[in-house]
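The values are calculated or read from the model by the stated rules, or taken from the named source; none is laboratory data. The structure displayed is predicted, hence computed values, not measured ones. Neighbour counts are summed over all protein chains in view; Cβ atoms, including those assigned to glycine, are modelled from backbone coordinates with ideal geometry. We work out accessible area using only protein heavy atoms, side chains counted, and drop any ligands, DNA or RNA first. Shrake-Rupley method; radii C 1.70, N 1.55, O 1.52, S 1.80 Å.
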Amino acid sequence: MLRYTLGRLVSAVPVLLVVSLVSFAIIALVPGDMASEMAGPSATAEELARLRTQLGLDKPIVERMLDWYAALLLRGDLGESVLLRQSVTAAILERLPVTLSLTFLALMVAILLGVLAGMIAAVRPNTWSDQGVMATALVGLSLPDFWLGLVFIWIFAVQLGWLPTGGYVPFAEDPLGWLRAMAMPAGCLALTQMGLLARITRASMLDVLRQDFVRTARAKGLPGWVVVAKHAGANVLVPVLTVAGVTTGILLGGAVVIEQVFSLPGVGRLIIGAIQRRDYPVIQGGLLLTASIFVAVNLVVDLLYAAVDPRVRYDRR
Amino acid sequence: MPPSIPASATTDDSAAPQGPALAARLLSHRGVVVGLVLFGLVVLAALTADWISPHDPLRNNFRYRLGAPNDIHWLGTDRFGRDILSRIIHGTRVSLRIGLMVVLATGVLGALIGATAGYFRRLDGPVMRVMDGLMAFPGILLAISLAAALGPSELNAAIALTVAYTPRTARIVRASVLVVRELDYVEAARALGAGHGRILARHILPNSLTPLVVQCTYIFALAVLAEAVLSFIGVGPPPPTPSLGSIIADGRDYILEAPWISLYPGIAIAITVLGLNLLGDGLRDVLDPRMKVEIR
């Protein structure tokens, strides 16, 4: 297991290298003069010069890149946000809990609903309950999540008045208020993502239910739900874990947009705001950080995978 | 997407049907039929947009701003009094154009990159690490940032989405190339003295494309969804071009007094994407019976 863990850790290094290169290089794509774009039309020549120095635009791009890497690796420094007048690292860390808790809550709801739906569908395949559940999952997959957010706002906040239209309450201050603020954003993220989990659960469940050991379990007289939950359930875990890893990435991306809809002060809103106001160091840092989180999640999923299913450790090179 | 599948099984024993048999099989698949109808409706609306739109999608009408749906404006009007239905019909054009560009580009690039990585084993490691790195970004976030950096335009949105989704197609092509390259007839071709180029182009690629066709249908769906996000955020095609995502964004501030502005374009997106997803599922069921067990 230790060898496997080390191997996985090492294999993340080139991925992170590509991730950081892309995060850095995206800014090089900006057409025209970045400093004058950022400063706006009213800036004086002096202000422009100062901004160029601050962004390192007076140096060649390779040197700028080396500086960026050096600051990042030695001090965890991603530069200064021009607009917030704050270090990018601090700005991101301040907002990270909102995004992470939103992603986590959405993931939990999606797994719960998805696995449940997949099991219901697989227990009676090709009946109306199966087809109904799977059709719902497919429709969910096809809805734009930000639009669903607006529909939720209209139904639950405007029409029914049950939930606030947006805004954030820290969990530590008021857990119930936090849940009320998070219910709609997490709900619409989860609804659009549970479909994938439901499908994979149903497919692997159908596969497992055909196996000999399930027949044996049934034959020895165990009640149906015990067989489904215990014998089959354990074997469904591995594929579900894999998909959950992928889903986390999609949810992180979805959270970026959903934060915008529900006015949640998370990393997504920071990045979108930075894009609209051309605060490039924040975009770089935000991209790098989000991708790194995703890489870490996949690493954890891979390790969990190996822990749950020992065969993985030997099968994979 | 027309189901014209390039010679999916010319040689080996896989049971994928072709030609008329394939068409018959596809048309007897309920999901494919429903998907074709839904997606066909959207394509038809986009193609005939100039004739079937009841109004000019760009014409303001300040006497009927934020107007509720009525006999003249079936789906209501926005804050400039522009007809929502006409804007949606024209908006499907943008979605489909971008979707098509993304599918073609990711398909071709994915095939090239995937085939290179799968066939020339020495290039596999480096090429796939780059793909892994791109896939480490949440696709939508990478696309938003790229589109923002390149500047808001239809072409740039398509480029951004292509960069975000090409790793998926490349991975899929690579996986099937890895299988096909070990088959006997490839060895036979090699023994007969065929060069790498010929083996790849004539023997391996045509037989590795079935999963790519299925994937491209899903990527079309993803691209339509993602384009809506780009427009919603404001990094898609610039106004006044009506795009489904930007109409939803227009209605965001009027959710209290005019919910129809945001509501209907979302339904149009959902119909398009649902149609494509059903088509993709159907193609997968019919073309590759083995994959059926895996996901569905």
Next on the checklist: For the range A:67-91, give me each residue that is polar (S, T, N, Q) and without any contact (Cβ under 8 Å) to a residue 40 or more places away in the chain.
Outcome noted: A:Gln86, A:Ser87
Checklist entry - When the range B:56-80 is examined, which residues are found to be open to solvent by less than 40 Å² (accessible area, probe 1.4 Å) and within 17 Å of B:Leu244 (Cα to Cα)? => result B:Pro57, B:Leu75, B:Gly76, B:Thr77, B:Asp78
Item to check | Residue satisfying all of: in the range B:129-158; more than 10 Å from chain A (Cβ to nearest Cβ) and assigned to a helix (DSSP H, G or I); most open to solvent (accessible area, probe 1.4 Å) among these | outcome: B:Leu155
Checklist entry - Looking only at the range A:110-131, which residues are open to solvent by less than 50 Å² (accessible area, probe 1.4 Å) and either aliphatic (A, V, I, L, M) or under 21 Å from A:Met182 (Cβ atoms) (or both)? => result A:Ala110, A:Ile111, A:Gly114, A:Val115, A:Ala117, A:Met119, A:Ala121, A:Ala122
Item to check | Odd one out for A:Ile61, checked against (1) assigned by TED's automatic domain parsing to the domain that holds A:Ser204; (2) open to solvent by 40 Å² or more (accessible area, probe 1.4 Å) | outcome: (1)
Item to check | Qualifying positions in the range A:32-58 - away from every other protein chain (no Cβ under 14 Å), open to solvent by 70 Å² or more (accessible area, probe 1.4 Å) and assigned to a helix (DSSP H, G or I) | outcome: A:Ala45, A:Glu46, A:Glu47, A:Arg50, A:Arg52, A:Thr53, A:Gln54
Next on the checklist: I'd like to check something: does the range B:192-212 contain any residue that is within 13 Å of chain A (Cβ to nearest Cβ), outside any helix (DSSP H, G or I) and of a type outside the set (Asp, Glu)?
Outcome noted: no
Item to check | Count of the range A:294-306 residues which are out of contact with any helix residue (DSSP H, G or I) (no Cβ under 6 Å at 6 or more places or on another chain) and at pLDDT below 80 | outcome: 0
Checklist entry - Hey, which of the helices (runs of 4 or more DSSP H) in the range B:1-106, taking only ones fully inside, have at least 3 residues that are of a type in the set (Asp, Glu), modelled with pLDDT of 80 or more and within 28 Å of B:Pro167 (Cα to Cα)? => result none
Checklist entry - Does A:Leu29 meet the test of being surrounded by fewer than 18 Cβ atoms within 10 Å (Cβ to Cβ), closer than 30 Å to A:Gln193 by Cα and within 14 Å of another protein chain (Cβ to nearest Cβ)? => result no
Next on the checklist: Checking B:Ile248 against (1) facing another protein chain (nearest Cβ under 9 Å); (2) in contact (Cβ under 8 Å) with a residue 24 or more places away in the chain; (3) among the β-branched types (Val, Ile, Thr), only one condition comes out false. Which one?
Outcome noted: (2)
Checklist entry - When residues of the range A:132-180 are filtered for being assigned to a loop (DSSP other than H, G, I, E, B), open to solvent by 40 Å² or more (accessible area, probe 1.4 Å) and within 11 Å of chain B (Cβ to nearest Cβ), how many remain? => result 1
Next on the checklist: Testing B:Val163 on (1) outside any helix (DSSP H, G or I); (2) out of contact with any Pro (no Cβ under 6 Å at 6 or more places or on another chain); (3) within 14 Å of chain A (Cβ to nearest Cβ), one condition comes back false. Which one is that?
Outcome noted: (1)
